[in-house]
Amino acid sequence: MPGQIVAPCLDWLEGEVPRAEAFDDTYFSRAGGLEETRHVFLAGNGLPERWQGRTSFAIAEFGFGTGLNFLTTLKALKAQKVLEEGASPPHLTFISFELYPMTRDELARALSVFPDLATETEELTAQWQPVPGWSKLGFAGADLWLGIGDAREMIADLGREAAGTPSGLVDAWFLDGFSPAKNPELWEEDLLKAAFDVTATEGTFATYTAAGWVRRNLASAGFTVEKQKGFAGKREMVAGRKG
Ligand SMILES: C[S@@+](CC[C@H](N)C(=O)[O-])C[C@H]1O[C@@H](n2cnc3c(N)ncnc32)[C@H](O)[C@@H]1O
């Protein structure tokens, strides 16, 4: 049974970077959140190249946070439309889990530092009304399935093909929990194994962390794991695939 909404307890660092007090960690990099998303999660998953020529593409994420990753992906999808002239980009299904959803005002404040995403931010905040369980928000060319609750429980709904839950396999994972030391729940082997099980054969994952025990959990779950150059000052990040 879905429970009550638990609010994140935020403070705001200089430059309007939100930080969750309970996890003592920020939602995105102070060195440039949008560029980090492009580097780690899009390029790390071989996007946008991998969705070219596809009619549909599914991304899943742990956790939704400010929605920066989702909106950056939506923006990349729109850019594709302009570039491809006549060809249509795939329909995007974006599934994201969040245990501590922000309020509409917090979301708007966090995203206000990304003027490039102003249009997409408005589309998101206009619909933002998180309720426990699954809800589907519609965007031009994309659906956002929001799973409000603990990812460790709600992951069981993927692949179940039941009404009111997202269906189909995941082509790319954005593994974006808070730092593994502070938010180990989102990097547990059981959760990563459940993610592996609902990943398409050619599916991939990417994450900003290269922590040794996270790499081992990913490998135990079945993924091949490869270190890549991290964003900005970070030496390494990790990406990989199912097959
Ligand atoms: C680094 S932030 C994600 C940033 C986000 N991807 C963005 O684009 O802003 C990590 C998120 O995971 C959420 N989270 C932590 N533990 C969770 C759990 N067990 N289930 C679901 N979400 C969780 C946190 O509340 C937080 O929003």
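Coordinate-derived values only; no laboratory data. Everything numeric here is computed off the predicted structure, so don't read it as measured data. All Cβ positions, glycine included, derive from the backbone under ideal geometry; neighbour counts span all protein chains shown.
Filter the GluC sites (Glu not before Pro) in segment 84-166 down to the DSSP loop ones having no more than 13 other Cβ atoms within 10 Å, then list what survives.
Glu85, Glu161
Can you tell me the order of 228-234, 209-215 when each peptide is scored by its average per-residue count of other Cβ atoms within 10 angstrom, highest first?
By packing density, highest mean first, the sequence is 209-215, 228-234.
Place the peptides 166-176, 184-194 in order of packing, highest mean first, counting for every residue the other Cβ atoms within 10 Å and averaging per peptide.
Those peptides, ordered most packed to least, come out 166-176, 184-194.
Output the antiparallel fraction of DSSP beta bridges having both residues in the chain, as a percent to the nearest 5.
Antiparallel bridges: around 50 percent, rounded to the nearest 5.
In nanometres, what is the gap between the two model label sites at Ser112 and Glu14, each 7 Å from Cα along Cα-to-Cβ?
According to this spin-label approximation, the distance is 1.9 nm.
Let me know the charge dipole size of the chain about its Cα centre in debye, to the nearest 20, where only the beta-carbon of Lys, Arg (+1) and Asp, Glu (-1) is charged.
The calculation lands at about 640 debye.
When a/c is below 1.5 the answer is rounded, else prolate if a/b is larger than b/c, else oblate, so apply that to segment 28-146 with a ≥ b ≥ c taken from the square roots of the Cα gyration tensor eigenvalues.
Verdict is prolate for segment 28-146.
Rounded to the nearest Å, what's the spacing between the alpha carbon centres of segment 99-160 and segment 22-96? Just the number, please.
Using only Cα atoms, the two centres lie 14 Å from each other.
Hey, what number do you get for the chain at 222 nm if only DSSP H runs of n ≥ 4 count, each worth -39500 (n - 2.57), divided across all residues, to the nearest 500?
For the chain, the value works out to -7500 deg cm²/dmol.
What nm distance separates the two modelled labels at Ser88 and Ala163, each placed 7 Å from Cα along Cα→Cβ?
2.7
Within the chain, what is the number of lysine pairs with alpha carbons under 24 Å apart, leaving out pairs fewer than eight places apart on the same chain?
Step by step, the pairs that qualify in the chain add up to 12.
In segment 219-243, whose amide N lies under 12 Å from the spot 7 Å out along Cα-to-Cβ of Trp213? List them in ranges.
In segment 219-243, the label zone of Trp213 (backbone N under 12 Å from the point 7 Å along Cα→Cβ) covers no residue.
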